[in-house]
Amino acid sequence: MAGSGRGAWIPHATLLAGLALVLFPIYVAFVASSLSLGDILAAPMTLAPGPHLFANFREALVSGTLGTSGQGVARMMANSLVMAMLIAIGKIVISLPSAYAVVFFRFPLRRLCFWAIFVTLMLPVEVRIIPTYKVAADLKLIDTHAGLVLPLVASATATLLFRQFFLTIPDELAEAAKLDGAGPWRFFIWIVIPLSRTNIAALFVILFIYGWNQYLWPLLVTDSPGMTTIVIGIRQMIGTGDAQTAWPLVMATALLAILPPVVVMLTMQRWFVAGLIEPEK
Amino acid sequence: MERRVIFSGRLFPILLLTPQLIVTIVFFFWPAAQALRQSVERQDAFGLSTEFVGAANFAGIFADPAYLASVEVSFVFSVAVAVLALMPSLLLAVMADRVVRGANLYKTLLVLPYAIAPAIAGVLWLFLFNPSFGIVGSLLRRVGIDWNYLLDARQALLLVILAAAWKQIGYNFLFFLAGLQAIPKSLIEAAALDGASASRRFWRIVFPLLAPTSFFLLVVNIVYAFFDTFGVIQNVTQGGPGQATQILVYKVWYDGVAGLDLGGSAAQSVILMAIVIALTAIQFRFVERRVHYG
């Protein structure tokens, strides 16, 4: 059976091969970010790290490349961080009360409200991209944080997840709160939200990664260099992708774009895995 | 499922729902309605007047060889991405389910690509496969393969498929592993006692029990390949060479933003909406079934 007898090495060998496949592109990016452009262009590139790691990262962070017109990657990371946090927190903040309303109240149009939120699952921003741009333009939201974040903030996923969790809160708890004279607002703030801690943490990880990695909408709705996110900005550094490109800086930037979502995922791994898989069960 | 104990009040719940409803109406329903309206209108070149043209935009799209080519590219791309992202993940999950030592480390590292943006995955793979200096690209040329994805349509498609599939491995791995761990070990042990070989145990017991997870992941991966891979395409090939890697979402963007063909782009959006609605419906039908049976 598991892990004993002959053939016990097969799982480990397969997993190590899988790890090599998954990690190789990242490792090559790491090595490239420690070399000079000449080292990279002298194909084949070495697989041993070179001496320029810190210099390359510093240059990328502070001054960027020609393609970014002197804009450092540090600024782009700050923009990405603001966008990811606003999207993650925004989604959680508007979904908690709406899920609470559809679960703990009976009121006219409750079903309609629930379905209105639910069908947004079927309208990802990618399919309504041009008309959404038009709406943002009419509301004078182009190149603003509100315009960047609002169209991505309403989504059914967070509301559905919280709704599912709220349905498992024991009736006795709500009854006891009512007997103690707690109104719906106090119950929400002092009981429901603290009980939802784990779900909030799990959702935060997923939404932070979602927000940080957004591409199409930020590309369309921002145009000033001061709003560029790192995932968009790296494209300006590559240009036509030929030998003129400052590849060590591009690869340093790629690693900087990977780092924050990976750190968030690893530090909150326990909640993240549960949060990702539970709602599908 | 409904709750027994509820609070009374009508205004308060509406207030709680207001922020989400406003955002939903302004940024979801309104643009979707606009897309529907624009899809049956045509604007003149200066945007001064619009006229109702009925299904003409749709007819135009389906008569356009470039659009039909894009449909074909999207189909090949999404099926290839789904298959390539699912098979290694299943194999790795089966293996990870068997090991005890190092299980957590394998899991942590294999999940990493989940956190990486598709656009950045594209950059990593384009660097590996650059024909002149990429580690893999230059190796391919040295062994006699004429590797140049900038000129060769098939190679370009292959490269964006690889980059897009690689990014999904972590997600699929997690779900397969959770699915495997939910299978009662006693079932497998009983089969082993009856003398079923390891491969027989896998194909006769594990694989059928994993079918719901696999089907769910298949839909999720196709949705991902259709709608979340714009960044991969934009960074690796910009839809080229020619239109060899122009998937439907890329074409909506390209025709609407670069081509300024609003009616055509809106009609394309409407078709995409129909695709998402169909995929979501399939997914929910199936999720419901799973709730009933398992």
Of all residues in the stretch B:167-184, how many are over 29 Å from B:Trp125 (Cα atoms), of a type in the set (Val, Ile, Thr) and at the interface with chain A (Cβ under 10 Å from one of its Cβ atoms)? 0
Among what's in the stretch B:122-133 and is more than 8 Å from every other protein chain (Cβ to nearest Cβ) and within 27 Å of the chain's Cα centre (by Cα), pick the residue that is nearest to A:Pro218 (Cα to Cα). B:Gly122
Which condition breaks for A:Ile26 when tested against (1) of a type outside the set (Phe, Trp, Tyr); (2) within 30 Å of A:Leu203 (Cα to Cα); (3) modelled with pLDDT under 95? (3)
Is it fair to say B:Leu159 is hydrophobic (A, V, I, L, M, F, W, C), assigned to a helix (DSSP H, G or I) and surrounded by fewer than 23 Cβ atoms within 10 Å (Cβ to Cβ)? no
Kindly check whether there is at least one residue in the stretch B:259-275 that is in contact (Cβ under 8 Å) with a residue 12 or more places away in the chain, more than 8 Å from chain A (Cβ to nearest Cβ), over 27 Å from B:Val53 (Cβ atoms) and in a helix (DSSP H, G or I). no
Failed condition for A:Phe188, given (1) touching a helix residue (DSSP H, G or I) at 6+ places or on another chain (Cβ under 9 Å); (2) free of Cβ contacts under 8 Å to residues at least 60 places away in the same chain, with all others met? (2)
Does the stretch B:212-229 hold any residues that are farther than 19 Å from B:Ala178 by Cβ and among the aliphatic types (A, V, I, L, M), and which are they? B:Ile222, B:Val223, B:Ala225
Got a number for residues in the stretch A:40-71 being facing chain B (nearest Cβ under 10 Å) and buried (at least 16 other Cβ atoms within 10 Å of the Cβ)? 3
Members of the stretch A:29-79 found to be among the β-branched types (Val, Ile, Thr) and in a loop (DSSP other than H, G, I, E, B), listed by number: A:Thr46, A:Thr65
Please count how many residues of the stretch A:120-152 are under 25 Å from B:Ala225 (Cβ atoms) and either at the interface with chain B (Cβ under 7 Å from one of its Cβ atoms) or more than 22 Å from the chain's Cα centre (by Cα) (or both). 13
If you take the residues of the stretch B:109-136 that are in a loop (DSSP other than H, G, I, E, B) and not aromatic (Phe, Trp, Tyr), which of them is surrounded by the most Cβ atoms within 10 Å (Cβ to Cβ)? B:Ala117
Of everything in the stretch A:102-152, what is part of a helix (DSSP H, G or I) and of a type in the set (Val, Ile, Thr)? Give them in sequence order. A:Val102, A:Val103, A:Ile117, A:Val119, A:Thr120, A:Val125, A:Val127, A:Ile129, A:Ile130, A:Thr132, A:Val135, A:Val149
Considering only residues of the stretch B:192-204 that are surrounded by fewer than 17 Cβ atoms within 10 Å (Cβ to Cβ) and in a helix (DSSP H, G or I), which is nearest to the other protein chains (Cβ to nearest Cβ)? B:Ala192
Extreme residue, farthest from the other protein chains (Cβ to nearest Cβ), among residues of the stretch A:212-227 that are over 16 Å from the mean Cα position of the chain (by Cα) and of a type in the set (S, T, N, Q): A:Ser224
Residues located in the stretch A:136-164, provided they are surrounded by fewer than 19 Cβ atoms within 10 Å (Cβ to Cβ), at negative phi and not hydroxyl-bearing (Ser, Thr, Tyr): A:Ala137, A:Asp138, A:Leu139, A:Ile142, A:His145, A:Ala146, A:Leu160, A:Gln164
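The values are calculated or read from the model by the stated rules, or taken from the named source; none is laboratory data. From a predicted model like this one, the values you see are computed outputs, not experimental measurements. With ideal geometry, Cβ positions are generated from the backbone for all residues, glycine too; neighbour counts draw on all protein chains shown.
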